[in-house]
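Peer 1: The structure that follows is given in the form of structure tokens.
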Amino acid sequence: MVFLLLLLASVSRFLFPADPVPRFQAQTIDQNISIGYGLALGDVDGDGKTDILLADKKQFVWYRNGDWQRFVMIENLTERDNVCLAARDLDGDGKVEVAVGAQWNPGETSDLAQSGSVHYLIRPQDPTQRWEAVALPHEPTVHRMRWVKSAEGSAYLVVVPLHGRGNKNGTGEGVKILAYKLPANPRNPWPTVTLDQAMHQTHNLEVVETKNPLRTDLYIAGKEGIRLVAGFSDKNTSHKAASLVGTEPGAGEVRVGNMGGNQKFLATIEPMHGTAVAVYMLGKNVSRKVLDEGLKEGHGLATADLLRLGRDQVVAGWRLPNAENKVGIKIYVPTDKAGTQWQSYWIDENDMATEDLQVQDLNGDGKPDIVAAGRATKNLKIYWNQSK
């Protein structure tokens, strides 16, 4: 009988193999960052490899893929701290265009001179040297930004402040979310359009671009939940956002994932600077499932198929010690195709006070890796994906 049970177990494992266990090898590439407000990934020097860009306290820097040497792009751009950056190859030359946000002063919501900045960085011939900053108009409390392509392929910089002008304690004027259209000469004026002004605190955004059909959607996370700018287009100048029904709890982070086939889901950290990781299965009836309630000041989120399951996993990090006195990063793996059951695993247990994280394949092996910057831990790490 024992032999029969062992044989059945062996056959079962062969016919129905278990999902791979996440395995990541950590590499610290900088243990002396100041805060590490924001990360971006892209090819800076045109060598075909994905580099790491970082918005640190007073410097915007990049790390060269391979030797991970650190280069300062610009420093002391404004009186106060840097806070965010966006990097993307917009013109197809194999090198990223870069925009940055600084003058981080979230307590000042009215004075433009004292709060917020948006700059486009013009690269030098040698990208390891200092870059030139071109100042653009801005709202107070600039907090996050992303490069976006419209359905027609035009390049825009979408900038999300934390508060609206004059906002006090999350009330007052709504947050003015702007899209800046990149002109042929970036030193010329940038046409802008207001995407939304209904939320009273926002924190992050997600951009989803599809080729068939050509379509760009923006998901914005904030105090009032998730709002969606559907079908961002040059031809549609109103671009008004709408609340996504069923996602009303406030959220600080949002990402879109794929459960396989046409089933999409949203991953969130709730509320802003929150404690919970949740997923929403999108469709006619939106359903919510909480994956974890053990974070403290959750501040990094990504979705990707790191384990090559044919369905995305969720990666989340937080920056303050939780009830177990731990900071770190976890990965949440759906164990069924419907997304009703999930299993969590540590990626970094107590050595990464996550301020931001990004996911992308850095070494060309076809498996996405994780990059994270730590606030209190003052470190920048790559987690190399060694999952089978």
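The values are calculated or read from the model by the stated rules, or taken from the named source; none is laboratory data. The structure displayed is predicted, hence computed values, not measured ones. FYI the Cβ positions are ideal-geometry reconstructions off the backbone, even for glycines, and counts take in every protein chain you see. These accessible areas exclude ligands, DNA and RNA; they are computed on the full protein's heavy atoms, side chains included. Shrake-Rupley method; radii C 1.70, N 1.55, O 1.52, S 1.80 Å.
Peer 1: Working from Cα positions, state the angle (0 to 90°, nearest 10) between the long axis of helix 2-15 and the longest principal axis of the chain.
Peer 2: Between helix and principal axis, roughly 30 degrees.
Peer 1: Which residues in the stretch 110-126 have a backbone N closer than 17 Å to a point placed 7 Å from the Cα of K168 along the Cα-to-Cβ line?
Peer 2: Residues 110-111 fall inside that zone.
Peer 1: All other residues with a Cβ under 9 Å from the Cβ of D348 taken together, and with Lys, Arg as +1 and Asp, Glu as -1, what is their net charge?
Peer 2: With Lys, Arg at +1 and Asp, Glu at -1, the net is 0.
Peer 1: Can you give me the C-alpha center-to-center distance between the stretch 271-341 and the stretch 146-205, rounded to a whole angstrom?
Peer 2: 27 Å
Peer 1: Compute a Gaussian network model of the chain, connecting alpha carbons closer than 10 Å, and tell me which residue from Q25, Q125, Q358 fluctuates the most.
Peer 2: In this elastic network of the chain, the residue with the biggest mean-square fluctuation among Q25, Q125, Q358 is Q125.
Peer 1: Could you pull out every residue, at least 5 positions away or on a different chain, whose amide H is within less than 5 Å of the one on K57? Hs are placed 1.01 Å off N in the peptide plane, and Pro or chain starts have none.
Peer 2: S34, I35, G36, Y37
Peer 1: Let me ask something else about it. What shape does the stretch 242-365 take by its C-alpha gyration tensor, where a ≥ b ≥ c are the square roots of the eigenvalues and a/c under 1.5 counts as rounded, a/b above b/c as prolate, and the rest as oblate?
Peer 2: oblate
Peer 1: Now for a separate question. Considering only protein heavy atoms, what per residue accessible area in square angstrom results for the stretch 221-349 with a 1.4 angstrom probe?
Peer 2: Each residue of the stretch 221-349 exposes 42 Å² on average to a 1.4 Å probe.
Peer 1: Now a separate question. Would you kindly derive the ³J(HN,Hα) couplings of the stretch 192-201 from the backbone phi angles with the Karplus curve 6.51 cos²θ - 1.76 cosθ + 1.60 (θ = phi - 60°), listing them in order in whole Hz, with x for Gly and Pro?
Peer 2: 10, 9, 8, 8, 6, 8, 9, 8, 9, 8
Peer 1: With the Cα gyration tensor of the stretch 211-269 giving a ≥ b ≥ c as the square roots of its eigenvalues, does the rule (a/c under 1.5 for rounded; else a/b larger than b/c for prolate; else oblate) give rounded, prolate or oblate? List each step's numbers first, then the result.
Peer 2: Details: a/c = 2.49, a/b = 1.17, b/c = 2.14.
Oblate, since a/c reaches 1.5 and b/c is not below a/b.
Peer 1: Just from its helices, what would the mean residue ellipticity at 222 nm be for the chain, if runs of 4 or more DSSP H residues each count -39500 (n - 2.57) and the sum is divided by every residue, rounded to the nearest 500 deg cm²/dmol?
Peer 2: My calculation for the chain gives -1000 deg cm²/dmol from helical runs alone.
Peer 1: Still on this model: Please sort 97-104, 113-120 by packing, taking for each peptide the average over its residues of neighbouring beta carbons within 10 angstrom, highest first.
Peer 2: Working: 97-104: 25.5, 113-120: 21.5.
Per-residue Cβ counts within 10 Å, averaged per peptide and sorted highest first, yield 97-104, 113-120.
Peer 1: Another one. If you average the sequence gap of Cα pairs under 8 Å that are 6 or more apart and divide by the length of the stretch 133-173, what percent do you get for the contact order? Don't skip to the end; give the middle numbers.
Peer 2: On the way: 46 pairs, mean separation 13.8, N = 41.
Reported relative contact order: 34 percent.
Peer 1: If you find the alpha carbon centre of the stretch 41-68 and of the stretch 359-388, how far apart are they in angstrom?
Peer 2: For the stretch 41-68 versus the stretch 359-388, the Cα centre distance is 13 Å.
Peer 1: Could you pull out every residue, at least 5 positions away or on a different chain, whose amide H is within less than 5 Å of the one on M73? Hs are placed 1.01 Å off N in the peptide plane, and Pro or chain starts have none.
Peer 2: F60, V61, W62
Peer 1: Now a separate question. In whole percent, how big is the carbon plus sulfur part of the accessible area of the chain, probe 1.4 Å, protein atoms only?
Peer 2: With neighbouring chains kept in place, the figure for the chain is 49 percent.
Peer 1: With Cβ to Cβ distances under 9 Å as the rule, what net charge do the other residues near Q386 carry (K, R +1; D, E -1)?
Peer 2: Residues near Q386 contribute +3 overall.
Peer 1: I'm spelling it out carefully: the read-out is volume of the Cα convex hull per residue in Å³, the candidates are [x] 141; [y] 153; [z] 194, and one was derived from this structure. Which label?
Peer 2: Checking each listed value against the structure points to [y].
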